[in-house]
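K.L.:
Just dropping this structure here.
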Amino acid sequence: MYAVISSRARGLSVGVNMNPDRKCNFGCIYCEVDRSAHPRDKSLDIEVMAEELLKTITFIGEGKLHDYPHYAALPEELLELRHVALSGDGEPTLAPHFSDAVEAIVHIRAMGRAPFFKMVLLTNATGLDQPQVQHGLKHFTKYDEIWAKLDGGTQAFLNKVNRLDISLDKILANILLVARQRPVVIQSLFPVINGESPPLEEIEQYALRLKELKANGAQIPLVQIYSATRLANHKECEHLPLRALSHIALTVRQVAGLHAEVF
């Protein structure tokens, strides 16, 4: 469990680490998780998670974050809980008991012992078609959100950035599967790699993939454009300047006709 002030959450986010085992099917060049270290826990203990989550959101609801020096000077509006994120040290949809974890979080919300919060699933989209994930998503209300990763528009670029063994077509198909049923926010991180920004032709292809998703019925209310902001394990990865990020967002608006923001 962790609490952070997030620009993309527009305030305070509480994260549930769905993958204490650090299991992930991406090897993103910008990832901050050290997968060489032995994980402390091999799986998510749902009962412990639920207990910690209830304590955390109750603590936040009582305004006690101001008692900590790190949060003391922050305005009240930044310390209001915006959402509970299903994320962590790996890909959340790979969690063996994904659906059970979602049900436990929904149960806490239904108890009414803490202020209402929305859930946000942060995912690379590769597991969205799995039966247990589909079952878990049935518990999501219209207030909850799914943020799906898409870091490029070609297989070659994704291989370079995400270092994956999964096809771009599979990722796009899974995004479309869910986005035809409910809105899906696209989250896209573009880094500088070995001193080079993403090629202009790659950005064009990325925008075209988004355009195709929209044309095929995907509901995409927002495209989040951002870059690596924390020290990564891979020193070849750096932050992409704001001007370049703004150009990507502009391309998305012009080519795909979607709302895009830079964070």
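K.L.:
Please sort by residue number the GluC sites (Glu not before Pro) in the stretch 54-101 whose DSSP state is loop and whose Cβ has at most 12 other Cβ atoms within 10 Å.
P.N.:
For GluC sites (Glu not before Pro) across the stretch 54-101 that sit outside H, G, I, E and B with at most 12 neighbouring Cβ atoms in 10 Å, the list reads Glu62.
K.L.:
Highest GNM mean-square fluctuation, the chain, Cα pairs closer than 10 Å: which of His239, His38, His247?
P.N.:
Of His239, His38, His247, the Gaussian network model singles out His38 as fluctuating most.
K.L.:
Which residue, Arg22, Arg113, Arg182, has the most motion in a Gaussian network model of the chain that connects Cα atoms within less than 10 Å?
P.N.:
Among Arg22, Arg113, Arg182, the largest mean-square fluctuation in the Gaussian network model of the chain belongs to Arg113.
K.L.:
When only DSSP loop residues count, what chymotrypsin sites (Phe, Trp or Tyr not before Pro) in the stretch 79-152 have their Cβ near at most 12 other Cβ atoms within 10 Å?
P.N.:
Here the chymotrypsin sites (Phe, Trp or Tyr not before Pro) that fit, given the DSSP loop and packing criteria, are Phe116, Tyr143.
K.L.:
Let me ask something additional. Could you please tell me the mean projected area of the C-alpha convex hull for the stretch 135-263, averaged over all directions and given in square nanometres to one decimal?
P.N.:
Details: hull surface 33.0 nm².
Spelled out: convex hull of the Cα atoms, projected over all directions, averaged, 8.2 nm².
K.L.:
Next question, about the same structure. Percent of accessible area on the chain owned by carbon and sulfur, 1.4 Å probe?
P.N.:
Within the chain, the accessible surface is 52 percent carbon and sulfur.
K.L.:
Taking a probe of 1.4 Å, how large is the accessible area per residue of the stretch 116-263, in Å²?
P.N.:
Computed with neighbouring chains in place, this is 46 Å² per residue.
K.L.:
Just to confirm the number: angle between the C-alpha axis of helix 46-61 and the first principal axis of the chain, 0 to 90 degrees, nearest 10?
P.N.:
Helix 46-61 sits at roughly 80 degrees to that axis.
K.L.:
Here's another thing I want to ask about it. Sort by residue number and report every cysteine in the chain with no other cysteine beta carbon within a distance under 4.7 Å.
P.N.:
Isolated Cys, the chain: Cys24, Cys237.
K.L.:
Cross-link list Lys149/Lys214; Lys118/Lys142; Lys170/Lys235; Lys23/Lys149: which exceed 19 angstrom alpha carbon to alpha carbon?
P.N.:
Numbers: Lys149/Lys214 16 Å; Lys118/Lys142 9 Å; Lys170/Lys235 29 Å; Lys23/Lys149 17 Å.
Distance filter (> 19 Å) returns Lys170/Lys235.
K.L.:
Sticking with this structure for a sec: Round to the nearest 10 and give me the degree value, 0 to 90, for the angle of helix 200-215's Cα axis relative to the longest principal axis of the chain.
P.N.:
60 degrees
K.L.:
Using only the alpha-carbon atoms, how far is helix 98-111 inclined from the longest principal axis of the chain? Give it as 0 to 90 degrees, nearest 10.
P.N.:
Tilt relative to the chain: about 50 degrees.
The values are calculated or read from the model by the stated rules, or taken from the named source; none is laboratory data. The structure displayed is predicted, hence computed values, not measured ones. A quick note on method: Cβ atoms are made from the backbone with ideal geometry, for glycine too, and the neighbour counts reach across all protein chains shown. The area values use the complete protein model at the heavy-atom level, side chains included, leaving out ligands, DNA and RNA. Shrake-Rupley method; radii C 1.70, N 1.55, O 1.52, S 1.80 Å.
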